[in-house]
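Enquirer: The structure follows.
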Amino acid sequence: MAGVGELIVLFACILVMAGLGSMMWDSLVEIPSVPKRLVLRSAYVTHALGVSKSTSQMYIKVARQGGEYDHSFDIPNREARLLGIHKFKRLWVAIDADSDNQFVWAVYDERFQLMMSRRQIVGWAEQGNDVALLMVFCSCLIVVYGVFNMGVCGVWNRYYYKKDSE
């Protein structure tokens, strides 16, 4: 039979896993359909590459007619090293000409040589989405198991044993 302290710890773990699942859900990247017309816009790297074990985070600021906006990519480390990206590097990005969608379809260097193609960017976004969805699924399983375990082993057994002792 679970004690009250164990139930509180289990409930806290359930809340943490639900929070992590919602954070991973928010990290999903919406990949729009391929636009009919693209335009090149000026951009520059705003931060040094943030590096984790397998990916690098690249932050850019894209100039638009209505102002600027921030955009970020998750790039595999092996490719980030080959691109030679550094803070304040000037880039050109291809974006949808006919909508306000902020998805970047291609990245070119200052000499207009292709650095990241549409296929690469979409592939990286899909890979990141797959990992995020797997993490959301795992956190949902843990939350369901925790609620089941808390209900059956904690609350139900406590009620059942109280009923037997009367």
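Enquirer: Pick from the range 66-94 the residues that are touching a Phe, Trp or Tyr at 6+ places or on another chain (Cβ under 8 Å) and exposed (fewer than 13 other Cβ atoms within 10 Å of the Cβ): which of them is nearest to M115 (Cα to Cα)?
Expert: R90
Enquirer: Which condition breaks for S22 when tested against (1) assigned to a helix (DSSP H, G or I); (2) surrounded by 13 or more Cβ atoms within 10 Å (Cβ to Cβ)?
Expert: Of everything listed in (1) assigned to a helix (DSSP H, G or I); (2) surrounded by 13 or more Cβ atoms within 10 Å (Cβ to Cβ), S22 misses just condition (2).
Enquirer: Examine the range 96-117 for a residue that is more than 19 Å from I60 (Cα to Cα), in contact (Cβ under 8 Å) with a residue 24 or more places away in the chain, surrounded by 15 or more Cβ atoms within 10 Å (Cβ to Cβ) and β-branched (V, I, T), and state whether such a residue exists.
Expert: Scanning the range 96-117 turns up no residue that is more than 19 Å from I60 (Cα to Cα), in contact (Cβ under 8 Å) with a residue 24 or more places away in the chain, surrounded by 15 or more Cβ atoms within 10 Å (Cβ to Cβ) and β-branched (V, I, T).
Enquirer: What about D26, is it at pLDDT 85 or above, under 29 Å from L133 (Cβ atoms) and of a type in the set (D, E, K, R)?
Expert: Spelling it out, D26 is indeed at pLDDT 85 or above, under 29 Å from L133 (Cβ atoms) and of a type in the set (D, E, K, R).
Enquirer: Scan S22, S33, S54 and give me the residue that is within 30 Å of N149 (Cα to Cα) and among the polar types (S, T, N, Q).
Expert: Every option except S22 fails the conditions.
Enquirer: Something else now. Would you tally the residues in the range 33-65 being part of a loop (DSSP other than H, G, I, E, B) and surrounded by 12 or more Cβ atoms within 10 Å (Cβ to Cβ)?
Expert: Qualifying residue count, the range 33-65: 5.
The values are calculated or read from the model by the stated rules, or taken from the named source; none is laboratory data. Everything numeric in this text was worked out from a predicted model, so none of it was measured. No Cβ is skipped: glycine too gets one built from the backbone with ideal geometry, and neighbour counts run over all protein chains shown.
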